[in-house]
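Since the structure comes first, as structure tokens, the remarks are kept for the end.
The values are calculated or read from the model by the stated rules, or taken from the named source; none is laboratory data. All figures in this text were calculated on a predicted structure; none of them were measured in a lab. Don't worry about glycine lacking a Cβ; one is built from the backbone with ideal geometry, like all the others, and counts go over all protein chains shown.
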Amino acid sequence: MPIEPGHERPAPRPRRARPDTPPADPDLAARALEIHRRLCPVYGCPIPYFHSLDPLSELVSSLLSHRTRNADSGRAFKALRARYPDWRQVLDADTAEIEATIAGVTWPELKAPRIQAVLRAVAERRGALDLGFLRDMTVEAARAWLEAIPGIGPKTSAAVLSFSVLRMPALPVDSHHHRVAQRLGLVGPRIDVGPAHPVLRAQLPADWSAQDLYDNHEVLMLHGQQVCHHRSPACGACVLLDLCPTGQARCASP
Ligand code: SF4
């Protein structure tokens with residue numbers, strides 16, 4: 001039965017309890033700020049937003065981008081939009097057809113049904129395929145609403161709020177950002193990308209704007225792509241070397 005907009009079904013229970021945001025260690029918070037201060041001039045803050053999509057489109061884009069090169073997920077997103085100009089058409093389409101349309105991304109056979117399931121969940125809970133209502137919620141409430149949908153984790157919820165036209169102050173953490181933060185000692189070696197979100201957010205000032213948090217994510221991601229490479233980080237060329245336990249250990253080893 002269709003649901004009238006504004007008459008929302010109760011959110012399903014989150015799959016697991018959201019960890020409370022831990023209080024930031026003052027030393028780590030100071031280090032996080034100094035890292036931001038040094039990287040911003042290197043990568044040119046404020047960094048222009050790379051997307052101006054509505055939040056539902058950003059959600060689909062984010063689901064496509066998981067473990068996929070930006071160029072490939074961007075092509076798949078354009079192909080999806082060209083074939084189905086309305087997200088309702090994606091919801092109603094044959095799943096195999098969607099899979100063929102997004103064939104350039106990693107795991108299209110998983111992403112096609114997941115995108116449809118997520119769109120269905122939004123439609124069922126809101127009575128409309130529209131996430132604009134999130135702008136009236138706090139970041140925490142908006143993230144919890146999104147993460148109650150199976151298939152949406154902390155990175156995707158933060159991306160929807162930060163990268164879309166909502167421009168809300170949420171901190172996304174991708175694999176580059178996470179790797180650099182671990183090497184710099186901002187998060188422990190056993191803390192995975194998902195749980196790293198609240199830890200890294202808590203180290204930054206609570207009153208930072210959406211642009212500040214976006215810049216923080218972007219500079220750490222860009223540093224991971226351009227200097228702190230996965231296999232062989234260029235510690236000798238890194239402006240963070242004196243702050244970085246990993247870089248200092250690498251320099252000290254023969
Ligand atoms: S010093 Fe090395 S390990 Fe540390 S952030 Fe820089 S490149 Fe990465």
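How many residues does segment 82-141 contain that are aromatic (F, W, Y) and either modelled with pLDDT under 95 or surrounded by fewer than 14 Cβ atoms within 10 Å (Cβ to Cβ) (or both)?
Start the filter on segment 82-141 by keeping residues that are aromatic (F, W, Y), which leaves 84, 87, 107, 133.
After this cut, where a residue has to be either modelled with pLDDT under 95 or surrounded by fewer than 14 Cβ atoms within 10 Å (Cβ to Cβ) (or both) as well, the list is 107.
The total comes to 1.
Here Q182 fulfils each of the conditions (1) surrounded by fewer than 21 Cβ atoms within 10 Å (Cβ to Cβ); (2) more than 16 Å from the ligand (Cβ to nearest atom); (3) in a helix (DSSP H, G or I); (4) polar (S, T, N, Q) apart from (2). Criterion first (among the polar types (S, T, N, Q) and assigned to a helix (DSSP H, G or I)) does S52 satisfy it? When the stated conditions are applied, S52 does not pass them.
Could you please let me know if L171 is more than 12 Å from the ligand (Cβ to nearest atom), surrounded by 21 or more Cβ atoms within 10 Å (Cβ to Cβ) and assigned to a loop (DSSP other than H, G, I, E, B)?
On the way: more than 12 Å from the ligand (Cβ to nearest atom): yes; surrounded by 21 or more Cβ atoms within 10 Å (Cβ to Cβ): yes; assigned to a loop (DSSP other than H, G, I, E, B): yes.
For L171, the condition - more than 12 Å from the ligand (Cβ to nearest atom), surrounded by 21 or more Cβ atoms within 10 Å (Cβ to Cβ) and assigned to a loop (DSSP other than H, G, I, E, B) - is met.
Screening H197 against (1) in contact (Cβ under 8 Å) with a residue 24 or more places away in the chain; (2) more than 22 Å from P26 (Cα to Cα) leaves a single unmet condition, (2). Condition test on S253, is it within 24 Å of V139 (Cβ to Cβ), of a type in the set (S, T, Y) and more than 8 Å from the ligand (Cβ to nearest atom)? Here the answer is no, as S253 does not meet what is asked. Of the residues L213, L222, the single one that is crowded, with 16+ Cβ neighbours inside 10 Å and away from the ligand (no atom under 16 Å from the Cβ) is L213.
For every residue, the table says whether it meets (1) aliphatic (A, V, I, L, M); (2) within 24 Å of H51 (Cβ to Cβ); (3) modelled with pLDDT of 95 or more.
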residue	(1), (2), (3)
R183	no, no, yes
V193	yes, yes, yes
A196	yes, yes, yes
G224	no, yes, yes
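Within segment 225-246, being within 8 Å of the ligand (Cβ to nearest atom), without any contact (Cβ under 8 Å) to a residue 60 or more places away in the chain and under 19 Å from L33 (Cβ atoms) holds for C228, C238, L241. Within segment 147-168, if we keep just the residues that are crowded, with 20+ Cβ neighbours inside 10 Å and touching a Gly at 6+ places or on another chain (Cβ under 9 Å), the residue that is farthest from E218 (Cα to Cα) turns out to be E147. Count of segment 68-80 residues, restricted to those that are closer than 15 Å to A103 by Cβ and within 14 Å of the chain's Cα centre (by Cα), is 1.
Looking at segment 185-205, which of its residues are more than 15 Å from the chain's Cα centre (by Cα) and surrounded by 20 or more Cβ atoms within 10 Å (Cβ to Cβ)? Result: L186, V187, Q203.
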